[in-house]
Each structure stands twice: as structure tokens, then as C-alpha cells.
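Below is one structure, written out as C-alpha cells, with a few remarks after it.
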Amino acid sequence: MTLDLPLIWAGLIATAVLLYVLLDGFDLGVGILFPFARSPAERDVMMDSIAPVWDGNETWLVLGGGGLFAAFPLAYGILAPAFYLPLILMLLALILRGVAFEFRLHGRKRGKAFWTFAFAAGSLGATIAQGFVLGGFIQGVTVADGRFAGQPFDWLTPYTLLVAAGLVAGYALLGGCWLMWKTQDQLHGDARRWSAISAAAVGVLLFAVSLATLFVHPRIADRWGFTGEGFDVATFLPHLPIPLLGAAGLGVVAVGLWKRSHGWPFLGGALVFLSGYIGLAVSFFPSIVPYDIDFRTAANADNALGLMLWGIAILLPAILGYTVWVYWIFRGKVSADAGYH
Amino acid sequence: MDFDAILLARLQFAFTIAFHIIFPSFTIGLASFLAVLEGLWLGTRREVFRNLYLFWVKIFALSFGMGVVSGVVMSYELGTNWSEFSKMAAPVIGPLLAFEVLTAFFLEASFLGVMLFGWKKVGPKLHFTATVLVAIGTFISAFWILSANSWMQHPTGYEMLADGTLRATDWMAVIFSPTFPSRLAHMSLAAFLTTSLVVGAASAWQLLKDRTQPESRMALRMAVGMFAIVAPLQLVAGHYSGETVREHQPLKLAAIEAYWKTRADQPQSLVGIPDRDAAKTHYEIEIPGIGNLIQGVSKDTVLQGLDSFPREDWPVVGLVYWSFRIMVGLGLAMIALGAWGVWLIWRRRVDDAGGFLWATVAMGPTGFIAVIAGWIVAEVGRQPWTIYGVLRTADSVSPVGVGQISASLLAFMIIYAIVFSAGGLYILRLIARGPAPALAEPPPDGEGRAPGSPLAAAPAEPREV
């Protein structure tokens, strides 16, 4: 039996990116919500709730980048130059928020104020930059001769701004739901309010982005049954569960908030992201650099993919195992005297 | 691609990677030091080891954080600035970098959380395990990145296909390319040296203020013992690394030693100003007749000079030549400091030896300087190639305009200036305050911080903002 290595690797990279979005999504979301906290003490708790896990969460981003390099070098070599400026913006923003975890504890008055600001601004900046990359990716990348051949600001359009706004709302929703899950008392109540507002924003923006996406590229419209002649129900119907999943996710958030559940809203938020993610995957497949290069063309040499498959088959279960274990260790509510920093 | 874009892309990469390497070269050693301290504490239950652990883990948390964020940059910069290199090299070294993420980064990142925040949540043995796993992770990371870099220095185990792409033919030959083992040993020892010099300097600084401070007395002895052993070992490892350079990268050796002419019985240049255009060294002090001896070959062995290679392949000779001399000079100073320290400890005079303590303080940052100088020798010495003999730097660069690269370079400089001066300041403040044994006992619940948390030993400051 021969394995379809490029397909397996496309699935693995897609899974890594999805895990990144869900995991770093909530801790970036906590950063986005930072300015709305009532007091420094609340901000301390917010940070404490993610301090033990943010580094592991961000490692999925490194796996996304490093994995793309290793499994689909052609895609990596085209996409990175295409999104040069937003990627650099993302990296700089991640630096600011990443060091803020430690620096905020060591800064004195002005230093601490600065790192509080840096954490919030870095989280927001990284999210917006990721939104630009995502939006630019959906718009499609100009390629000639196996290289990026577009303009430096191709990724900056009304559409990508809309996507960035949607991602900010989405991460804020994940962050708010995470805080509801992990905190109590007043902060929990605030998080509930933030989650409700974010969920409403996500509902509106997700709908707007979905509609706008149909107009971005005819191929996407085609996939969803909106051909030049009109609407083809037979094409659309098999895809219907995807938007329904998103609606169900928002429903879980809404009911969870209504019933004052602590954990369910986070699951609902994750479902919303899952639906958006699958929706995009369905729209693109098999492109890895929309809309010119498919994942088979971009795939690395089969012996490299084969070697790495051995590695990941052994290592990924271990990684997932100890990641779950770490979350388990830090389960439960974070209190003001949590015994963190 | 025009010249300015290449130069700017190189400057940006050099800038970001030079900043990055500072942190791993410190945290690799520091993670091991922490594992030893925690192991000693668990074994002996002597307070001094726990206090030292709680003190250094704070500095570790700061440095590791800076290492992580400056390292994430590298994984994307390969694509943003060197997309052509990425496409070319990925079939061979792609798996090596993927394995680095899978075997090292996740391990470090996940167990770092337990190490920093888990003291109350897990038992002491499990916490110790987390520390050890973080320390192991730092070495695994060094293993893969040096493996990939060594392959770029002297590629083996691959073939070039008809369409110009590369393909690995022998993974073991790719991973264990000839220059790799000695370079891994050289870098690992460098990390231990760097850390022990910093620990030594921080402890000496405390002892200059209070020579009875028990934690600093212990740490100074551990540090001196470490660099007294490792510095001479490093000379040996460096020599072996040099032999592989002679064997596999003769051009680099010619640049390091400013051998302009191919000849037997090379003279040993001590100092001078190499002039690449004139192909000679100005104001040179050299010792004739011992060059071959130092390279470990007989006098009548012909050692290739720069004249054996086309001029367009020459690296920047002066930079390689001087970086090498700075590295070796500092290494010799470290050996001397180690010998001095051991003698003083043996004579039981080390805590009062003001001259030695000041010298140890002054030598504190020299590990970092030597590491960066050594990497300049390795990387500039490989120029003008990214993959030696296969792909030139000029052909590796991304199709990205000067405007974007210069704007991002400027942004990197500003952000790094803020982040790394603040981080440096916080670390120096901690070092100036020193280990605080009296406060190591966790305050009663309700206002306390976990003993395992980096701030556990610090007084509970009012939390504002």
C-alpha cells in the first residue's frame, strides 16, 4: 500500500493551524480584552489564567510555519514573501505580548503600565495581522514562475479589513469564554458580558465575511453553488452542514450564556471556529496557494515527507498527551491568590 | 535581485539571529544548572540549593521568554527573506527543522509552564522531572539546528536532480554531516561556559557586597568549578572543530588565518589588518614556522590559501579573521580565570579575593561575546554561499523589495531595542538584588505566591496598573 503523503501532510498542517487558531486564539483573545478589565488585580488574574499555557499554544504557530517549510516548501516560499509586512507585524506584535508575561511582573510603575499596554496592543496587533494574512490568502496570491509576483500591499483591501475585524471578534469571543470558564466572581461576570458582545459581533461579521467571500473569487462562489447562472441547490446542499455548525456554535454560546454555564460557551466558540475553518478548507481544496498552486505541486520530496511522517506518528501523540496533561494540571478556576506570579 | 535588497535582507537576518542566539546560549546552560540545583535540593534538602533555584529560575523565565519570541521570528524569516533558499533546502533539511519543533519546542514550552507555575500543583519529583525535560529540550533543539546548519556548511548525503532541485539520498549523512559532531560539542560547551560565567559574575557581585552570603558562595564555587573544567575542554573541542574546517572548508580556514598564499609551512598570523582587495595583511605580527603545527599537520603539508579560490568566492576576510581572534582570546582569558579561581578555592581564599571577584564580574558577559564572534566565524566564513558550493546567498533571497525590507529592519531594531534593553535591565536588577533567603519561605495562603513561581522569593509588591 502506498500512502498519499502530500494529502496526509496537508491534513496534518491544516490540523496544526486549526489547533493554533483555537489555542492561541483564546490567549490572544484574553489580551484583546485586557483593556476592558476593571482593575489591575483583574488583569493579573486574566494573565495568570493563560501564563502556564501560552508558550505551548504559540508553538503550534511555529509548527504551522516550520511544517509548511518542511512539507510544502513551494507554498512557504511564495506565501511568506506575499505576506511579508503582515507577517513581520505579527512577529513583532507577538514579541511584545510574549515578553509582557514576565516583564509586567518586573516593571515598576511606568514599566508595568507600558507592558500592560504592550500585552493588549501586541495581542490585538497579532490578531489583526493574522486577519490580513487570512484575508489575503482567501483573495488569492499572484504567482508567476513559482514565485510571488504581486504587490507589497495586495493583502490590504476592504475585504481583508473585514476579515481582520471578524478575527478580532472571534478571538475576543474565545478569550471571553475562556475567562468565564477559568474565573469567578466579578471577573467572571465581566467575561460573560464580553462574551455576549463578542458573540453578537461574531454573528454579524461571520455572516458578512461569508457573503463577501462569495464575491472575492468565482471559484469559491462556484463551490457553494452560486454560479454565473444562479444558485445551484444541488451543489449547495452537501455544504449546508458547515454554516449550520457555525450557527449551532453560536447557539451553544447563546444558550450557555443564558443558562449561566461556565464551560459550554467555550465549546460553542470553538465550534464557530471549526465551522469557519472547514468552510474555508472546502472552498480552497486542493489549493495551497490560492488559486494557482495545489498541494501536490507544492509538496516536498516524498522521501522527506515519508521520514517526517515516521517522526510525527511517534511524536504527535506524545505532544498531544503532555499538552492535555499540562491543561489538566492547571484545571479549575484561577483565583486572585492563585499562587502564580 | 538587486544588491541593496540582498544586503538589507542579510543585515536583517544577522540582526535578528544575533539577538536570538544570546538567549539559547544562556538558557541551555541555565536549564541544566537549574536541574542540578533542584536535584541537589531534593537530594540534600539544603536550603541554599532551593534558594538558588528560586533565584535563577526567575532569570531563566525572563531569558527563556525572550529566546522564545525572538526564535519564532526565525521560523518565518526563512520564508519572508530567504524564500529561494527555503525552496531549495527544504527537501533535505526540512525534516530536521520539523523535528526540532516536534521534539524540542513543544517539550520545552509545555514543561516550562509546569516548571514556572506548577510547584504547588505537582509533587516535587514531578516538578523536578519538568525541569529536567526543559533542560533536555534545550539540547535537542541545539542538536537539530546545528545539524541543519552544519549541512549548510558542508552538505552531504544529497543529490541534485536534473531540474536543479535537491533530494536527500542518505538521511544519516544529512543529519550527521562531517562538521556536525564537533560543532555540536563546541556549541554545547559554549552554552555551559556562557552560563557559568554569568552565574559566576552574579555571585561575585554579591560577595563583593557581602562575603558571607551563603547562596552566592555556593554558586560561585559551582560556577568556577564549571568554567575551570569547561574552558580547557572548549579549547580541545574548538581545535577539533578547526580540524574539520581544515578538512572540509579549506577556504574558511584560509580566511580565519588570513592565508593569502597556498604553501607548506604557513606562518601563524597573530594580529594584523587583513586587506581583501590587496590580498595581504597590513601591520601583521606573525610567527613563521608554526602555522602548520597549530593546525595539527606536519610542516611540509600544503595548506590552501585564498589564492586557490576564485576571488568572488572569498568571504569578508577581515571580519572572519578578527571574530576568530576575539573568540580565542576570550577563551584563553576564561581558562586563566578558571585556573585562578580553582587555586583560590583550594587555598580557601576565594571569597575575600577582591581582584578575582572583580575579574569574574568583568568576565560575566564574555561568553555571549565569544558565542556571537564564533557564529560570525561560522556564518560569514561560509559566505558568499548559504548552502556551501550549492546555492549562493545572492540567489537565496526572496522577491521582496527594498522598501519592505528596510521598513521591517527599522521596526525590528526599534522593538528589539525596547524589549531587550528592558529585559536586560530586569535581569540586572534581579542580579543586583541577589538571592533572598529570608523571603524564600512562602507566605501564608491568601497573599502568597507559589514557591515555584519566579517571583516567589520577591516581596509582595503592590500590584498596580
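The values are calculated or read from the model by the stated rules, or taken from the named source; none is laboratory data. The shown structure was predicted, so the numbers you read here are calculated from the model rather than taken from an experiment. Cβ sites come from the backbone with ideal geometry, for glycine too, and all protein chains shown count toward neighbours. Remember, those area values only see protein heavy atoms, side chains included, never the ligands or the DNA or RNA. Shrake-Rupley method; radii C 1.70, N 1.55, O 1.52, S 1.80 Å.
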Would you check chain B for Lys pairs whose C-alpha atoms are within less than 23 Å, ignoring same-chain pairs closer than 8 in sequence, and give me the count? 10
Is the shape of the protein assembly as shown rounded, prolate or oblate, going by the alpha carbon gyration tensor and its root eigenvalues a ≥ b ≥ c, with a/c under 1.5 for rounded and a/b larger than b/c for prolate? oblate
Tell me which DSSP H helices of chain A clear both cut-offs, 27 Å or more of axial length from alpha-carbon atoms and a mean Kyte-Doolittle hydropathy of at least 0.5. A:5-33, A:84-106, A:109-139, A:158-182, A:185-216, A:264-284, A:302-329
Protection proxy ranking of A:65-72, A:247-254, B:372-379 - average other beta-carbon atoms within 10 Å, highest first: A:65-72, B:372-379, A:247-254
Return one number: the angle in degrees, 0 to 90 and rounded to the nearest 10, between the long axis of the Cα atoms of helix B:83-100 and the longest principal axis of the Cα atoms of chain B. 40
Degrees between helix B:47-81 axis and first principal axis of chain B (Cα, 0 to 90, nearest 10): 30
Given a Förster radius of 35 Å and the C-beta distance between residue A:333 and residue A:117 as r, what FRET efficiency does 1/(1 + (r/R0)^6) yield to the nearest 0.05? 0.80
Within a Cβ distance under 15 Å of residue B:139, other residues only, what is the Lys/Arg minus Asp/Glu net charge? -1
Computed from the beta carbon distance with a Förster radius of 22 Å, FRET efficiency for residue A:38 and residue A:184 to the nearest 0.05 stands at 0.95
Please compute, for peptide A:144-153, the average count of beta-carbon atoms on other protein chains lying within 10 Å of each residue's beta-carbon. 2
For peptide B:169-178, what's the mean number of Cβ atoms from other chains within 10 Å of each residue's Cβ? 1
Accessible area in the full protein assembly, largest first, 1.4 Å probe, for A:159, B:240: B:240, A:159
For a test of understanding, tell me how many lysine pairs in chain A have Cα atoms under 26 Å apart, given they are 8 or more places apart or on different chains. 5
In the neighborhood of residue B:324, defined by Cβ-to-Cβ distances under 11 Å, what is the net charge if each Lys or Arg adds +1 and each Asp or Glu adds -1? +1
In the neighborhood of residue A:141, defined by Cβ-to-Cβ distances under 12 Å, what is the net charge if each Lys or Arg adds +1 and each Asp or Glu adds -1? -1
Cα-Cα pairs above 21 Å in the range A:170-243: how many percent? 47
Relative to the longest principal Cα axis of chain B, at what angle does helix B:402-433 sit, 0 to 90 degrees, rounded to 10? 40
For the full complex of protein chains and a 1.4 angstrom probe, list B:277, A:222, A:27 by accessible area with the highest value first. B:277, A:222, A:27
Peptides B:82-95, B:326-339 ordered by average Cβ neighbours within 10 Å, highest first: B:82-95, B:326-339
Looking only at other chains, what is the average number of their beta-carbon atoms within 10 angstrom of each beta-carbon in B:60-66? 4
